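Read the figures in this text as sums done on the coordinates, not as results from a lab. Owing to the predicted nature of the structure, the values given are computational and were not obtained by experimental measurement. Here the Cβ positions follow ideal geometry from the backbone for every residue, glycine too, while neighbour counts run over all protein chains shown.
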There are 2 protein chains.
Amino acid sequence: MQTATNELETKAKAAKAASRKLAYLPTEVKNRALLAIAEAIVVKQDEILAANSKDYNESQASGMSPAMLDRLMLNSSRLEGIANDVRTVATLPDPVGETIEERTLPNGLQISKKRVPLGVIGAIYESRPNVTVDISVLCLKSGNAVVLRGGKEALRSNLALATIIQEAAYDAGIPQGAIQIIESTDRALVDHMLKMKDAIDLLIPRGGASLIQSVAEKAAMPVVTGGIGVCHTYVDKAADLNKAVAIAYNAKVQRPTVCNALDTLLVHTEIAPQYLPLIAQEWAKAGVEMHCDERTLAILKSLPSLKLVPAKPEDWGREFLALIAAIKVVDSLDEALAHIERYGSGHSEAIVTEDKTAATRFLNEVDAACVYANASTRFTDGGQFGLGAEIGISTQKFHARGPMALRELTSYKWIIIGDGHVRT
Amino acid sequence: MQTATNELETKAKAAKAASRKLAYLPTEVKNRALLAIAEAIVVKQDEILAANSKDYNESQASGMSPAMLDRLMLNSSRLEGIANDVRTVATLPDPVGETIEERTLPNGLQISKKRVPLGVIGAIYESRPNVTVDISVLCLKSGNAVVLRGGKEALRSNLALATIIQEAAYDAGIPQGAIQIIESTDRALVDHMLKMKDAIDLLIPRGGASLIQSVAEKAAMPVVTGGIGVCHTYVDKAADLNKAVAIAYNAKVQRPTVCNALDTLLVHTEIAPQYLPLIAQEWAKAGVEMHCDERTLAILKSLPSLKLVPAKPEDWGREFLALIAAIKVVDSLDEALAHIERYGSGHSEAIVTEDKTAATRFLNEVDAACVYANASTRFTDGGQFGLGAEIGISTQKFHARGPMALRELTSYKWIIIGDGHVRT
């Protein structure tokens, strides 16, 4: 443990030192480094794939699930995709140095507010090795140094990728030490990392709910939490039935294992008899299991070939991450709003309605990172929102909310230029 | 303690409920409430002053220092000043509902990012009763509910003010419960408050360094820390001597007890023999005690009537909050930057120079909320910066940095409007 702690302390200190220079590095140098990283990932793919297949084989032998194995696995075309994502980040505008506000006061003082990097970002993540690349390049572009702590199961892959990133970046002029990866897999090390608030300015946990919660509770530095999405779609009495079917189907079925997928469908009692059979039959074709309240069951029970289960209290507020949806009939928009306030996780919530007043109330009153009228919650994503990339989806209100891209990895600084000005 | 905990839990819950409605209250209602509060503070001044003189007499009897007594004391003209500050906040733009970004995607989805309140702000503060008014009105205007926990010594004054604020606000249409003040003075209550992350969205501690540090360490919710200013002024070899004297004099003398006052003067060795006698004589006239490094002492020791003390190691990085300054001669801009990096608190730092390259390096490389070229650090203030008001000065990088005004009490929400859009 002592050796591991030393490794962590030394690397974090080196990242902090590098971050000072990285903070005002010209955009061209950062972009050149990103392109060099993209190229190196393709050129040196044999190294990466060799390391990855060791991780894969070991995980397979130890009984990892096929879904998890698939997340761990790299191949030539996946690496090509990762390299392309890096090239995309190179094309995005550099947030650092951007002037947010500017004014000249009556006394002649020039005051401006300029974006600056946060400093050192710590990342604690699981399984998928592409996260090593994603986080490194977003931090680099936003002028932040990074300390990476990936999962044990992907250690060899992560080390291979980080080494290639480091070499390419430093050769292109990124300050030595800006990208750090922790090699020790000692679990106690994470607790130590969470205390290092002088070296790490922001911590980003990426993984399951228990990892995120534990990091948020213990960390001495700011943490951006998110990624837990208990998402509702409310079908109002004034909904267009076709839109409501298409939206709820897409939100549940298009990719059920992610945080912006539908978990609970709320349906207004006046439209329920028409709407519920339509969506239930579509969902059934896709294999969706429906956890229904009593009124929903009463409407659906006579239909053939549906996977119906009576809803238990714990189904409300549950993130299924699977082809399962909870369904509840409500008497009013107010009841839907109250249900979402009680059970939502502040991620993405949608209303389907042609009634503008109802839509406006929903958009105003629901307290979530992303609120939708007549669209699928599956759009909550930095790429889909036109931000080009994302480091995660924040469900907190502080600092950043929703998809976090380059700007959200910055702070700002007030710059005041005078000519001998004193306060009177 | 049980009663106190119940009071806190009940009031925080009521604040949370009120915050839901307050979040989308029209600007006119909020401004009307602010004007009503301002008027009530003047009209009902007898109640406030009666409560305040009880606090004052009790504190005087228990041996409070004259400086602290002065901070505690209210009178008719101070209340008039406080009421005017409230009227100023009514004239400021409402940050809530402001569209920060807006775009229509190629698929027709309309995406906008709109400012929303944070929710419930908890404030823990000491001594000055005007803080009760400042925080309440800034929170109201930014659509946040507030839970106030002031110091024991000002309890009667704070309760009188808060009661008047509540009555005026609720009469004007602010949701009942939006302004809460804790009456119990049980110290253990603060620790309980720091755990209530479901009810309180942001905590603002205002007071001494030990209060702020203890809150930051223990709070389960986000905290904005700040107000601790270890501020340096660096006089470069290319400084204009007159400007350098005026700026350092102003920064130290104009109001020495506040966070943006000068603590350490750094002087380039080439200009030190000319500059140090000039500033030292001016400072001496104002009664400034100078804690000097050896090279400074060598230059100043033969001058008459100076209060010179050899600097101890703990003088570097110390916030004096008094007519005391530390002085150090440095060999280069780099040495000045290294000293500031090591000892600064990230609040306000200044360079005095006519050399644009040196100024640019300083403004780029110093990592502080406010960086100055050729101006006094005393300008770090929401009012001085043209923000109209401030709830504090943040020395952290996360969420907000420097003077925190209305905008800094908000978050944002992504609003997505479609017409049946689904993700493909």
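Annotations
- Cβ-derived FRET efficiency at R0 22 Å, residue B:188 paired with residue B:62, nearest 0.05: 0.55
- Mean residue ellipticity (222 nm) of chain A, computed from DSSP H runs ≥ 4 via -39,500 (n - 2.57), nearest 500: -13500 deg cm²/dmol
- Teacher prompt: residue B:286 distances to equivalent labels in other copies, 7 Å Cα→Cβ, nm: 6.9
- Backbone N under 11 Å from the residue A:220 label point (7 Å along Cα→Cβ), restricted to the range B:200-221: B:217
- The 3J(HN,Hα) values that the Karplus relation (6.51, -1.76, 1.60; θ = phi - 60°) gives for the range B:371-381 are, in residue order, 10, 10, 10, 6, 8, 7, 5, 4, 6, 5, 5 Hz. Gly and Pro appear as x.
- Average silhouette area of the range A:231-384, convex hull of alpha-carbon atoms, in square nanometres: 7.8
- For the peptides B:363-370, B:35-42, residues were scored by their other Cβ atoms within 10 Å and the scores averaged per peptide; the highest-first order is B:363-370, B:35-42.
- Residues whose placed amide H lies under 5 Å from that of residue B:122, excluding near-sequence neighbours: B:147, B:201, B:202, B:203, B:204
- Simple Cβ-charge dipole of the range B:231-384, Lys/Arg +1 and Asp/Glu -1, about Cα centre, in debye nearest 20: 520
- Long-range HN-HN contacts of residue B:267 with modeled amide H, under 5 Å: B:235, B:328, B:329, B:330
- Based on Cα contacts under 8 Å between residues 6+ apart, the range B:267-424 shows a relative contact order of 16 percent.
- What separates the residue A:105 label point from its copies, with the point 7 Å along Cα to Cβ, is 4.4 nm, written shortest first.
- Nm distances between copies for residue B:27, ranked from closest, using label points 7 Å along Cα→Cβ: 3.2
- Computed on the range A:9-77, the Cα convex hull volume stands at 144 Å³ per residue.
- Considering only alpha-carbon pairs that sit under 8 angstrom and 6 or more positions apart, the relative contact order computed for the range A:142-271 is 19 percent.
- Taking every residue in B:373-383 and counting other chain Cβ atoms within 10 Å of its Cβ, the average works out to 5.
- Alpha-carbon Rg with Dmax, taken over chain B, Å: 24.2, 83
- FRET E, pair residue A:213, residue B:28, Förster distance 45 Å, beta-carbon r, rounded to 0.05: 0.60
- Residue-averaged beta-carbon neighbours from other chains (10 angstrom radius) around B:392-405: 4
- Within the range B:291-314, backbone nitrogen closer than 19 Å to the virtual label 7 Å beyond the Cα of residue B:335 toward Cβ: B:291-301, B:310-314
- Unit charges on C-beta of K, R, D, E only; dipole of the protein assembly as shown, Debye: 0
- Inter-label distance, residue A:305 to residue B:10: 5.9 nm, where each label sits 7 Å from its Cα along the C-beta direction.
- Between B:271, B:164, B:204, the GNM of chain B built on Cα springs shorter than 10 angstrom shows B:271 fluctuating the most.
- The distance linking the range B:159-228 with the range A:43-114 is 40 Å (Cα centroid to Cα centroid, whole angstrom).
- Footprinting exposure proxy for B:8, B:387, B:202 (fewest neighbouring C-beta atoms within 10 Å first): B:387, B:202, B:8
- R0 of 35 Å, Cβ-Cβ distance residue A:356-residue A:100: FRET efficiency to nearest 0.05: 0.55
- Descending Cα extents along the principal axes, the range B:77-189, whole Å: 61, 36, 24
- Pairs over the 30 Å Cα-Cα cut-off, from the set A:218/B:11; A:54/A:252; A:328/B:30: A:54/A:252; A:328/B:30.
- Separation of the alpha carbons by more than 22 angstrom is noted, of A:13/A:195; B:16/B:197; A:13/A:141; A:113/B:21; A:397/B:113, for A:113/B:21.
- Of all chain B residues, the one whose C-beta is nearest the axis that brings B onto A, in angstrom: B:399, 2
- Table column - 3J(HN,Hα) (Hz), the range A:2-18, Karplus curve with 6.51, -1.76, 1.60, x for Gly and Pro: 4, 4, 4, 4, 4, 4, 4, 4, 5, 5, 5, 5, 5, 4, 4, 4, 5
- Rotationally averaged projected area of the protein assembly as shown (alpha carbon convex hull; nm²): 37.8
- Residue mean of other protein chain beta carbons inside 10 Å, B:187-193: 0
- Each part gets one Cα centre, and for the range B:371-424 versus the range B:260-325 those centres are 36 Å apart.
- For chain A: relative contact order, % (alpha-carbon pairs under 8 angstrom, 6 or more apart): 18
- Amide hydrogen neighbours beyond the local backbone of residue A:292, cut-off 5 Å, H modeled: A:309, A:311, A:327
- Peptide ranges A:225-232, A:151-158, B:44-51 listed from the most packed, as the mean C-beta count within 10 angstrom indicates: A:225-232, A:151-158, B:44-51
- For the range A:309-318, 3J(HN,Hα) per residue [Karplus equation, 6.51 cos²θ - 1.76 cosθ + 1.60, θ = phi - 60°, Hz, x = Gly/Pro]: 9, x, 5, 9, x, 6, 6, 7, x, 9
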